[in-house]
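Okay, structure first, notes after.
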Amino acid sequence: MPPGGALHIASSLPFRDVDLFAPARSAPVEVFSSRGASGIDGTIATALGEALARAPAPVVCLVGDLACLHDAGGLLHAGELADAVNLTVVVPDNRGGGIFGQLPIAAHPTAFERCFLTPQRADVTALAAAAGVRVVADPPDLPAALAAAVARPGVDLVHLR
Ligand SMILES: Cc1ncc(C[n+]2csc(CCOP(=O)(O)OP(=O)(O)O)c2C)c(N)n1
Ligand SMILES: [Mg+2]
């Protein structure tokens with residue numbers, strides 16, 4: 001993350017993963033997150049607003065597959081505003097709300113997948129491409145792919161199965 005860049009972290013596992021696993025950095029990076037009532041709602045639209053406010057500095061949005069699909073409208077707007085921002089949307093796609101796998105309900109024989117995990121048929125990469133967003137799918141060299149996406153203006157979606 002270059003100076004002036006910011007990270008927007010979605011609710012659910014992304015927020016917890018960064019909290020648990022991100023190493024300490026010598027260079028500070030500003031971090032945004034929507035907590036509380038808003039939950040997973042409007043994540044990409046919020047990150048897009050941050051990217052507009054900070055342009056031409058880059059913003060990276062780390063967001064799960066469900067939160068990403070939940071804000072499909074935000075993704076459409078991101079494609080529309082691609083000339084005005086540098087936004088990289090990183091989607092770790094574990095096919096549903098992986099966080100619920102950590103709850104006792106995960107052992108339920110019938111309700112868990114349909115009512116909690118809720119994996120979607122929608123294809124995140126196809127949606128991003130339809131929005132006019134550049135798609136980087138399962139890059140073999142993730143750090144290099146992220147660095148390249150952050151370095152270029154416009155909107156990238158990095159999809160990680
Ligand atoms: C608007 C809204 N609806 C539902 C929820 C409940 N909820 C919390 S986490 C979550 C799953 C998110 O899935 P994903 O974005 O794929 O992240 P993962 O858990 O897989 O990391 C849901 C549905 C919420 N927080 N906010
Ligand atoms: Mg998920």
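Give me the residue from region 97-145 that is in a loop (DSSP other than H, G, I, E, B) and either touching a strand residue (DSSP E or B) at 6+ places or on another chain (Cβ under 6 Å) or of a type in the set (Lys, Arg) (or both) and, out of that set, surrounded by the fewest Cβ atoms within 10 Å (Cβ to Cβ). If you could, list the steps in order and put the result at the bottom.
So in region 97-145, the residues in a loop (DSSP other than H, G, I, E, B) come out as 97, 103, 108-110, 118-123, 131-133, 138-141.
Next, only the ones that are either touching a strand residue (DSSP E or B) at 6+ places or on another chain (Cβ under 6 Å) or of a type in the set (Lys, Arg) (or both) stay: 121, 133.
Details: Arg121: 5, Val133: 22.
Checking each candidate, the answer is Arg121.
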Kindly provide the set of residues from region 38-64 that are of a type in the set (Val, Ile, Thr) and either in contact with a Lys or Arg (Cβ under 7 Å, 6 or more places away or on another chain) or within 14 Å of ligand 2 (Cβ to nearest atom) (or both), ordered by number. Ile40, Thr43, Val63
Answer yes if at least one residue in region 38-52 is surrounded by fewer than 12 Cβ atoms within 10 Å (Cβ to Cβ) and of a type in the set (A, V, I, L, M), and no otherwise. no
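Taking the residues in region 66-96 that are over 21 Å from Ala148 (Cβ atoms) and open to solvent by less than 10 Å² (accessible area, probe 1.4 Å) as candidates, determine which candidate is farthest from ligand 1 (Cβ to nearest atom). Before the answer, list the steps.
First, pick out the residues of region 66-96 that are over 21 Å from Ala148 (Cβ atoms): 66-67, 69-74, 76-77, 80, 94-96.
Checking which are open to solvent by less than 10 Å² (accessible area, probe 1.4 Å) leaves us with 67, 74, 96.
Working: Ala67: 3, Gly74: 13, Gly96: 6 Å.
Selected residue: Gly74.
Among the candidates Val31, Val18, Val59, which residue alone is in contact with a Leu (Cβ under 8 Å, 6 or more places away or on another chain), open to solvent by 60 Å² or more (accessible area, probe 1.4 Å) and touching a residue at least 24 places away in the same chain (Cβ under 8 Å)? Walk me through it before giving the result.
On the way: Val18 fails: open to solvent by 60 Å² or more (accessible area, probe 1.4 Å); Val59 fails: open to solvent by 60 Å² or more (accessible area, probe 1.4 Å).
The match here is Val31.
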Quick test for you: out of Ala57, Ala47, pick the one residue that is in contact with a strand residue (DSSP E or B) (Cβ under 8 Å, 6 or more places away or on another chain), of a type in the set (A, V, I, L, M) and over 15 Å from Pro2 (Cβ atoms). Ala47
Out of all the residues in region 31-40, is one or more modelled with pLDDT under 95, of a type in the set (D, E, K, R), more than 22 Å from Gly98 (Cβ to Cβ) and out of contact with any helix residue (DSSP H, G or I) (no Cβ under 6 Å at 6 or more places or on another chain)? no
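The values are calculated or read from the model by the stated rules, or taken from the named source; none is laboratory data. In this text the structure is predicted, and so the values were computed from the model without any measurement. Counting neighbours? That spans all protein chains shown, and the Cβs are built from the backbone with ideal geometry, glycine included. Just the protein is used for accessible areas: all its heavy atoms, side chains included, with ligands, DNA and RNA removed. Shrake-Rupley method; radii C 1.70, N 1.55, O 1.52, S 1.80 Å.
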